[in-house]
Amino acid sequence: MNSAEMSAFQKVSTDLPKINGYQKACILLSEIGAKDQNLSQKILDLVKLTPKQVRQMSRAYKTLGVFSLKNKKVIQRESLVLQEAIDYGVSKGIFVPEYRAKSDSGTKEIKEMVNKNPDSIAKLIGTWLDE
């Protein structure tokens, strides 16, 4: 990566608000459940949240605010979370790296991962909750 690319990367990184693992989990579950709430519920059942974690997830969801296609930072933040989940899926062999670019948002890939290996996605969310 040359210095101009590194500078651009740092700018994007610092312009985005830092989010915690609970917020990442909320974003991922929202994407998974956008059209099929059964998928996100399936993952939640596998994660086996404690009552305290349920309260923290609820608070995290509220802090994210309303999704808006007009807010570029929100879109970037959510795209980064989806990309992190996709990278995790690639690293675990859930799907091959060439498949990553087939969808603009990554939602299709995430749903495929959930259907193919829900335990792995639940582990990823569990890891985020431990951040």
### Task
Among the residues of region 44-59, write down those that are part of a helix (DSSP H, G or I), open to solvent by less than 80 Å² (accessible area, probe 1.4 Å) and at pLDDT 90 or above.
Leu46, Val47, Gln53, Val54, Gln56, Met57, Ser58
### Query
Does Phe67 satisfy the condition of being modelled with pLDDT under 80, among the hydrophobic types (A, V, I, L, M, F, W, C), within 18 Å of Asp36 (Cβ to Cβ) and surrounded by 12 or more Cβ atoms within 10 Å (Cβ to Cβ)?
yes
#### Entry: Restricting region 97-121 to residues that are over 18 Å from Ala34 (Cβ atoms) and modelled with pLDDT of 80 or more, the residue that is most open to solvent (accessible area, probe 1.4 Å)
Lys116
### Task
Say whether the condition of being of a type in the set (A, V, I, L, M, F, W, C), open to solvent by 50 Å² or more (accessible area, probe 1.4 Å) and touching a residue at least 60 places away in the same chain (Cβ under 8 Å) is met by at least one residue in region 75-96.
yes
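The values are calculated or read from the model by the stated rules, or taken from the named source; none is laboratory data. Bear in mind the structure is a predicted one, so any value in this text is a computation, not a measurement. Please note: Cβ atoms are built from the backbone with ideal geometry, for glycine as well, and neighbour counts cover all protein chains shown. We work out accessible area using only protein heavy atoms, side chains counted, and drop any ligands, DNA or RNA first. Shrake-Rupley method; radii C 1.70, N 1.55, O 1.52, S 1.80 Å.
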